[in-house]
Amino acid sequence: MRRKLKCIGFLILAFAFFAATDLAAQTRGNTAPKAPGKAQSQAAGKTPTLKGKTVNINRATAEELVKNVPLITPDLARRIVQYRKDNGDFQTLEELLQVDGFNRDLLRRIKPFLLLEGIGGKDCTC
């Protein structure tokens, strides 16, 4: 009888250990095994790294924006250029939030691809 109780106790402990391990993995978002070649940040549940080229938001055409800046659609690029024509050069990158279709999350994600040059007129050395 004592031997059976030890066996049952061991099985309960083993089950609890594996259940806790599985729960911890799900909490971290690591339920699937890591695929070879996947970025560590992607496996940790973060957004994948975006690739593109840096553009001057005050000089880029709609086509250059679409081609070089990730997540910019042709429609959004046209709205950015139109806003610039109507209101003049952007003074800050946050001014992009005034463009219809732009939000803080999008700005945060594409900020590394945007330069703000040419403000202050033709005599500015900024």
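Annotations for the structure displayed:
- Checked against the criteria, Asp75 does not count as at pLDDT below 90, among the acidic types (Asp, Glu) and assigned to a helix (DSSP H, G or I).
- Of the residues contained in region 117-125, one or more are found to be surrounded by 12 or more Cβ atoms within 10 Å (Cβ to Cβ), at pLDDT below 95 and acidic (Asp, Glu).
The values are calculated or read from the model by the stated rules, or taken from the named source; none is laboratory data. Owing to the predicted nature of the structure, the values given are computational and were not obtained by experimental measurement. Neighbour counts run over all protein chains shown; Cβ positions are idealised from the backbone, glycine included.
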